[in-house]
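See structure below.
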Amino acid sequence: MPSNKSVSDAPIVQFTNCRILRDHQLQREDLWVREGKILNPEKLFFDEKGSADVQLDCKDSIIAPGFIDVQINGGFGVDFSLATDDFKSGIDLVSQKILSHGVTSFCPTLVTSPSSVYHQVLPQISVRNGGTHGAGILGVHLEGPFISKEKKGAHPEHCLRTFEAGAFQDLLATYGSLDCVQIVTLAPEMRRSSEVIRELTKRGICVSLGHSVANLSQAEEAVQHGATFITHLFNAMLPFHHRDPGIVGLLTSDRIPAGRRVFYGMISDGIHTNPAALRIAHRAHPKGLVLVTDAIAGMGLAPGRHTLGQQVVEIDGLNTYIAGTKTLSGSVATMDTCVRHFQEAIGCSVETALEAASLHPAQLLGIEHKKGTLNYDSDADFLMLNDSLYVQATYIAGEEVWRQDVSGM
C-alpha cells in the first residue's frame, strides 16, 4: 500500500520488532516517526490512509526516550568552567561524545568560578537542538558560587559569594546574563535567598538546593518560594538526623505546596552514594529521583590529573578527588553506566531505571510534553538498548546519530 502524502511529503519510518517504553511500561509495539516527531499510527491509518515508507527491524531491542543529563561539568578533556579560546569546540566535542552513552540532551554545568569566567563563558553557550553534531543543549546549570563555605565540597572557597547586599542584583552582576541559564544551585540558608529564588523562578529558571547546611524548615521555605530540585542528594549537605533531617527531609515533607513535586539528583556511580542510601531515597520518593552524572573533564580519559574549574583533580579508578585530598570532586561515570548501576543497586524494573534518566529530568525542567517520553507528537529522541541496558543506537529527531560498531561489541 503506497504511503499517503497529502499531509506531509516527509518519509514515515516504522521501527518494528521492539519493546517501547511508554506509560511506564515496556510495550511490544512499533514506533512510528515522521519529521522528527513520534507519530500516532491510528491517525496515520484512519485519517491519512497512510503507511510507512521505511521499516526498520530493531531485533527485539528496547526503545526508550533519550537520556537527559542536567548536571555535567565536562568530559573527554573538556572543562565547561574554563574560559578557553576554543570553548565552543570543547562543548561540541562533549555533545558529540555523550551520544554513545545515550544522552540526547544536557545542561552544561559550571561550578563555582570567578565572575570573569561566567562573563566569558555564558555568552558562548546557546540553547540548541541536538542532531548528528551532538546532543541538544537545554540551558546551563550554574552550581554556585552562592553556596555554603562549610559544604563547598570541590568548589574553590575564594570564589564563593553571598547576595545579602543586593540580592538578585548581586547574582545578576556575578553571572552577567541569565539568557541561557536553566538551573541555579544555591544554599537556601543564605540571607535574602527567598528573594533570589522568587526572582529566578519568575524567569522560568529552576532553583536547586545544594552545597548547603540548611535545616529542614529553611529547605521547606525555599520550596515554598519556588525551588524544585536538590543537587546531588546526600552529597555536600548536612547528613540526615532524626530531629532535623535537613534538605534530605524534603523527600517526605508534608509542607510541599499542593501540586508541586520536589526532584532530587543522584550520582549513581557506586562512589558518591552507597546503594543503601540510593534505596532509601528511592523508596521514600521514587517519582522525584533524577539520575545525573556530575561528570568532570576526566570522564572518558585515563586516570591522572585533570581540572574542575579552578581546582586540580586526580582520578583514581572511578574515584575523583581534589588533588592531594580525599574530597570527592565530581564523577567520571557516564549516564548509561549510572542507569545500569542504579537498576542493579535498587533492584528496580528496567522501566524505573530508564525513566530516572529521561522522564524525571524532563518533568523537572517542564519539557515532558516534548522530551523524556515516547508519547505521540513528542520529539523522536530515543535509544535502542539491549536487555542489559547497553546502548546500541541513539536517535535525535528520528535520525540515527550514533550506532554501536558491531565488530566492537
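The values are calculated or read from the model by the stated rules, or taken from the named source; none is laboratory data. In this text the structure is predicted, and so the values were computed from the model without any measurement. Ideal geometry is used to build each Cβ from the backbone, glycine not excepted, and the neighbour counts take in all protein chains shown. Keep in mind that these areas ignore ligands, DNA and RNA; they rest on the heavy atoms of the full protein, side chains included. Shrake-Rupley method; radii C 1.70, N 1.55, O 1.52, S 1.80 Å.
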Q | strands (runs of 3 or more DSSP E) fully within segment 327-409 counting 1 or more residues that are open to solvent by less than 10 Å² (accessible area, probe 1.4 Å) | A | 382-385, 391-396
Q: For Gly77, indicate whether it is open to solvent by 10 Å² or more (accessible area, probe 1.4 Å), on the phi > 0 side of the Ramachandran plot and not β-branched (Val, Ile, Thr).
A: yes
Q. Yes or no: Leu21 open to solvent by 30 Å² or more (accessible area, probe 1.4 Å) and assigned to a strand (DSSP E or B)?
A. no
Q) Could you say whether any residue in segment 41-51 is over 30 Å from Val350 (Cα atoms), in a helix (DSSP H, G or I) and not hydrophobic (A, V, I, L, M, F, W, C)? A) yes
Q.
One residue is enough: does segment 144-154 have a residue meeting the conditions assigned to a helix (DSSP H, G or I), surrounded by fewer than 22 Cβ atoms within 10 Å (Cβ to Cβ) and in contact (Cβ under 8 Å) with a residue 24 or more places away in the chain?
A. no
Q | Pair list, Cβ < 9 Å and 6+ apart or interchain, from segment 186-209 residues that are touching a residue at least 24 places away in the same chain (Cβ under 8 Å) to residues that are part of a strand (DSSP E or B) and among the small types (Gly, Ala, Ser) | A | Leu186/Ser208; Leu186/Ser212; Ala187/Ser212; Pro188/Ser212; Glu189/Ser212; Met190/Ser212; Ser208/Gly265
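Would you please name the residue that is most open to solvent (accessible area, probe 1.4 Å), looking only at residues in segment 307-326 that are assigned to a strand (DSSP E or B) and within 27 Å of Val391 (Cα to Cα)?
So, considering only residues that are assigned to a strand (DSSP E or B) and within 27 Å of Val391 (Cα to Cα), the one most open to solvent (accessible area, probe 1.4 Å) is Asp316.
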Q. If we only count helices (runs of 4 or more DSSP H) wholly inside segment 163-232, which ones have 2 or more residues that are open to solvent by 10 Å² or more (accessible area, probe 1.4 Å) and closer than 23 Å to Pro245 by Cβ?
A. 216-224
Q. Do we find a residue being among the small types (Gly, Ala, Ser), closer than 24 Å to Leu160 by Cα, surrounded by 18 or more Cβ atoms within 10 Å (Cβ to Cβ) and out of contact with any Gly (no Cβ under 7 Å at 6 or more places or on another chain) anywhere in segment 271-289?
A. no
Q: Out of Ala302, Ala297, report the one residue that is surrounded by 24 or more Cβ atoms within 10 Å (Cβ to Cβ), in a loop (DSSP other than H, G, I, E, B) and over 13 Å from the mean Cα position of the chain (by Cα).
A: Ala297
